[in-house]
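Comments concern the structure below.
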Amino acid sequence: MTRPTPRRAAASSVAIPEAGAPADARERLLQAAIEILATDGDRGFKVLEVARRAGTNVALINYHFGGRAGLVAEAVRRTGIELAQVRAMRLEALLAAAAPAAPALPALVRCWLEPVFDSVCRQDRAGLLMLTAHLAFAAELDAPAKEDMVRDILAVDRLFVDELARCLPALSRSAIAWRLSAAVGSYCFVLGEREAISWRSSTGGRPPDFAEAYEELVVFVIGGLMAPAAMSCGSF
């Protein structure tokens, strides 16, 4: 039986302007917001600076995004869409290369993790990555806004859960999904806390090596996925 090709649902949900294409005021504001969040984080995010970099005025932030919270949420959502696009394309290529067999578990894990490390380490988006997890539960965003912000990432993650379930038949889809969620928290901490005091204290002050961090996280995620099914609460 032919396995269906993963749909690039996340990739097609929003059209992202091509590089070099004329950007309107909304797009300029969004790109400026992404740059500031990536380098300065939420605390350093000022709407006046966003407007200045975009060559426009603060009033347009309210017009296009409904204010600061809406702009931040859209910046995080846009970054999530980009991540989802890359993951979907890499998964499609991995499945095509492995067909008709299922991909190996390590290959699936690397396919899922690599785009995150590529984005953060090459584009310095650690601050924005941390905000993804934070804003998904931010009190100032209502439930529909939170769901919209992470919808594209979750759509592609479901494709990975499909394939991981084939590799790990002893686990339920729910268990796999929870373990992927735990892995998200892990890589957000590893990549977001570049100067983590706890990390430096345990390594004698040595600066972080993110190539090493990536390889260790791959092993960590694989180990978590391969662990036996959790006991029921009544078994403890």
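The values are calculated or read from the model by the stated rules, or taken from the named source; none is laboratory data. On a predicted model such as this, the values are computed, not experimentally measured, just so you know. These accessible areas exclude ligands, DNA and RNA; they are computed on the full protein's heavy atoms, side chains included. Shrake-Rupley method; radii C 1.70, N 1.55, O 1.52, S 1.80 Å.
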Taking a probe of 1.4 angstrom, what is the accessible area of residue 111 in Å², to the nearest 10?
-> 10 Å²
With every protein chain present, what accessible area does residue 163 have (1.4 Å probe, heavy atoms only), rounded to the nearest 10 Å²?
-> 10 Å²
